[in-house]
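These notes are about the structure you will find just below.
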């Protein structure tokens, strides 16, 4: 089985909770356990934050949830400014900064994460979680 | 759901008590930041965050807390967290914040 749920959201902070609620609803329906649902919800929230922060002048970004029966695959795509992964630094607990924790959290919580970002052409984050 | 704050100055222990209710995220972080800076302007004392009803926090919310911690440290004060839910505590551990902040459960 393969079912897709698509959202297109304005690049504004007040709509991120729609994506988070959708994520927890789908994960719950698929049968993930409570702790994993929280992880998925946070990872989706972080990816949306990222889309908004890097959105530049673009007005919307898109999220696709793919229900693959025992795997949930989520793609968040914006057409904003993009960023270079070369500038990404893993956070350091001794010198924590205000920014840069989002991608780290996504990578820590999801099974598989692919990030494609091209300066000037936007960012695509694809992440997945398998039901154990 | 959004964020609601209950703030109280504890005369006895000489500290600010801030109850975080709801979600600290990209949408509520500015409000939280403004409120905290305002309290810290009124009285430079320690801060206790009561988190029993804190349901969600993301990296932008943590960012506000990290930057606020730098603010209170200037006055030799600190911040404490009380009663974090397991899902929230997990994020504090993941990001190493449990080593920086004092957490009492």
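Can you name every residue in the stretch A:1-30 that is in a loop (DSSP other than H, G, I, E, B) and surrounded by 11 or more Cβ atoms within 10 Å (Cβ to Cβ)?
Selection gives A:11, A:12.
With the structure loaded, tell me whether residue B:17 is assigned to a helix (DSSP H, G or I) and out of contact with any helix residue (DSSP H, G or I) (no Cβ under 6 Å at 6 or more places or on another chain) or whether it fails that test.
On the way: assigned to a helix (DSSP H, G or I): no; out of contact with any helix residue (DSSP H, G or I) (no Cβ under 6 Å at 6 or more places or on another chain): yes.
No; evaluated as a whole, the condition is false for this residue.
I'd like to know if the stretch B:54-66 contains one or more residues that are farther than 17 Å from residue A:45 by Cα, without any contact (Cβ under 8 Å) to a residue 24 or more places away in the chain and either in a helix (DSSP H, G or I) or more than 11 Å from the chain's Cα centre (by Cα) (or both).
Within the stretch B:54-66 (the criterion being farther than 17 Å from residue A:45 by Cα, without any contact (Cβ under 8 Å) to a residue 24 or more places away in the chain and either in a helix (DSSP H, G or I) or more than 11 Å from the chain's Cα centre (by Cα) (or both)), the answer is no, since none of the residues qualifies.
Going by the structure shown, is residue B:12 more than 30 Å from residue A:21 (Cβ to Cβ), in contact with a strand residue (DSSP E or B) (Cβ under 6 Å, 6 or more places away or on another chain) and not in a strand (DSSP E or B)?
Judged against the criteria, residue B:12 is not a match.
Could you give every pair whose Cβ atoms fall below 8 Å, whose first residue belongs to the stretch A:6-18 and is away from chain B (no Cβ under 12 Å) and free of Cβ contacts under 8 Å to residues at least 60 places away in the same chain, and whose second residue is crowded, with 16+ Cβ neighbours inside 10 Å and assigned to a helix (DSSP H, G or I), counting only separations of at least 6 or pairs across chains?
That search, which allows pairs on different chains as well, returns A:7/A:19; A:7/A:22; A:9/A:15; A:9/A:16; A:9/A:19; A:9/A:48.
Could you check, for the stretch B:43-52, whether at least one of its residues is within 11 Å of the chain's Cα centre (by Cα), part of a helix (DSSP H, G or I) and more than 23 Å from residue A:20 (Cβ to Cβ)?
No: zero hits.
Would you please name the residue that is nearest to residue B:37 (Cα to Cα), looking only at residues in the stretch B:69-95 that are surrounded by 15 or more Cβ atoms within 10 Å (Cβ to Cβ) and at the interface with chain A (Cβ under 10 Å from one of its Cβ atoms)?
The residue in question is B:69.
How many residues does the stretch B:67-90 hold that are assigned to a helix (DSSP H, G or I), touching a helix residue (DSSP H, G or I) at 6+ places or on another chain (Cβ under 7 Å) and more than 11 Å from residue B:54 (Cα to Cα)? Break it down stepwise before answering.
Here is the first cut: in the stretch B:67-90, the ones assigned to a helix (DSSP H, G or I) are B:67-74, B:86-90.
Narrowing the set further to residues that are touching a helix residue (DSSP H, G or I) at 6+ places or on another chain (Cβ under 7 Å) leaves B:68, B:71-72, B:87.
Now narrow it down to the ones that are more than 11 Å from residue B:54 (Cα to Cα): B:68, B:71-72.
Selection size over the stretch B:67-90: 3.
If I filter the stretch A:64-85 for residues that are assigned to a helix (DSSP H, G or I), within 14 Å of chain B (Cβ to nearest Cβ), surrounded by fewer than 21 Cβ atoms within 10 Å (Cβ to Cβ) and at pLDDT below 90, do I get at least one hit?
Scanning the stretch A:64-85, I find no residue that is assigned to a helix (DSSP H, G or I), within 14 Å of chain B (Cβ to nearest Cβ), surrounded by fewer than 21 Cβ atoms within 10 Å (Cβ to Cβ) and at pLDDT below 90, so the answer is no.
The values are calculated or read from the model by the stated rules, or taken from the named source; none is laboratory data. As the structure is a prediction and not an experimental result, all values here were calculated from the model. Quick reminder, even Gly has a Cβ in these numbers, built from the backbone with ideal geometry, and neighbours come from all protein chains shown.
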